[in-house]
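Reviewing the structure listed below.
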Amino acid sequence: MTHQHLQGRWHAELPAIAPGASPPQPPTQAVLQLGPHPELAHSVRGTVQRSGATAQVSGDVDDGDLTLEESINGTNISATWTGRVVEGSCGKEIRGTWNNAQTPNTQQPFILRKQAGWQ
């Protein structure tokens, strides 16, 4: 998988982080829109939209390992996405962990699924 495979629209599901909560919490849904990074040849840049807010993201994939940095203000890193392409998914599913930079040890698992459409 290359940075070009990351380009496009991705649906993210972040399961609730309070296991055993009553009532069970629904997963957080997000949409990532990624395109070529204008300054870094083998990277992507775009946005993530969730809960009515939009943040910037940029990053890359290296040998199946995804790293994205999220920024709410466009300057400072507010969160990171680190994951691995799921074997057998043809590069259309990535699973990993979302880490909140402001609150250390706040991690959420995520599943990214590539959405169909024109590339």
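For segment 1-113, taking Cα atoms only, what is the radius of gyration to one decimal and the Dmax to the nearest whole Å?
Rg, Dmax (Cα atoms, Å): 13.9, 47.
Roughly how many whole Å is it from the C-alpha centroid of segment 73-119 to that of segment 28-47?
11
Using only alpha carbon pairs under 8 Å that are at least six residues apart, calculate the relative contact order of the chain and give it in whole percent.
With pairs under 8 Å counted, the relative contact order is 23 percent.
Quickly estimate the mean residue ellipticity at 222 nm for the chain, helices only: each DSSP H run with n ≥ 4 gives -39500 (n - 2.57), and the total goes over all residues, rounded to 500.
-500 deg cm²/dmol
Among Ser71, His11, Pro36, whose Cα projects farthest towards the positive end of the dipole of the chain, with charges put on the beta-carbon of Lys, Arg (+1) and Asp, Glu (-1)?
Of the options given, the answer is His11.
Non-local amide H neighbours of His37 (under 5 Å, H modeled in plane, Pro and chain starts lacking H): which ones?
Ser43, Val44, Arg45
Can you find, among Val61, Gln49, Ala101, the residue sitting farthest towards the positive end of the charge dipole of the chain, where Lys and Arg contribute +1 and Asp and Glu -1 at Cβ?
Going by the Cα projections, it comes out as Gln49.
Sort the following peptides by mean Cβ neighbour count (other Cβ atoms within 10 Å, averaged over residues), highest first: 30-37, 87-94, 58-65, 71-78.
Result, highest mean first: 30-37, 58-65, 87-94, 71-78.
Output wanted: per-residue J couplings in Hz (rounded whole) for segment 63-72, from phi through Karplus 6.51 cos²θ - 1.76 cosθ + 1.60, θ = phi - 60°, x for Gly and Pro.
6, x, 9, 9, 9, 10, 10, 10, 9, 6
According to a simple spin-label model (label point 7 Å from Cα along Cα-to-Cβ), what is the distance in nm between Arg84 and Ser51?
Those two pseudo-labels are separated by 2.9 nm.
None of the figures in this text is laboratory data; all of them are computed from the coordinates on show. Not measured: the values here are computed from a predicted model. Ideal geometry is used to build each Cβ from the backbone, glycine not excepted, and the neighbour counts take in all protein chains shown.
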